[in-house]
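In what follows, a single structure is set out as structure tokens and then discussed.
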Amino acid sequence: MVRLYREVGGSPRENPRRGSSEIESLRQQIENLDVVSAQELHQLTASEFWCQECGARISDVAQKQCGRCGSEVASRSPKYVCSSCKNGVDPQADVRCLCGSDQAILASELEADSQPSGEFACQRCGAPVDVNWGSCRECGHEKAIRRADVR
């Protein structure tokens, strides 16, 4: 049970009614929110760079050199990716990827092994994908559809 109270110098507050349009509107907005996994949240919020020499994750973009090897060459593309979900990983610092895998491969090997045939596209952005990839390389979405089904 919630009690009404009077603020000092104010008027009494009322409890919102269950049928209130404001509460109903908020409830609808909450139900319509997208649910994202930890991996998707990481992809959406990550603005990381990678050392192209040793593969280290560079968290401070103002940094002039890699803290591990001293290289001055960085890229948004990781040198190593998780063998399961294909997210970028630093094999010397990351014990496990967000997906739980502890295996990493060179991103260049993945690129050479897997080029999209054009038969499948990302369900979210429509980019061509290989069904063996863990996620779309453009937007990170994990579902693919046949090209004929792309709208």
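Rule-based calculations on the coordinates, nothing more; no lab input. Bear in mind the structure is a predicted one, so any value in this text is a computation, not a measurement. All Cβ positions, glycine included, derive from the backbone under ideal geometry; neighbour counts span all protein chains shown.
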*Among 135-146, 21-32, what's the highest-first ranking by average C-beta atoms within 10 angstrom per residue?*
135-146, 21-32
_What percentages make up the Cα-Cα pair-distance distribution of segment 52-97 when the bins are 10 Å wide from 0?_
29, 55, 16, 0
*Based on the mean of other beta carbon atoms within 10 Å per residue, what is the order of 63-74, 78-89, most packed first?*
78-89, 63-74
*Ranked by Cβ crowding within 10 angstrom, fewest neighbours first, how are 133, 50 ordered?*
133, 50
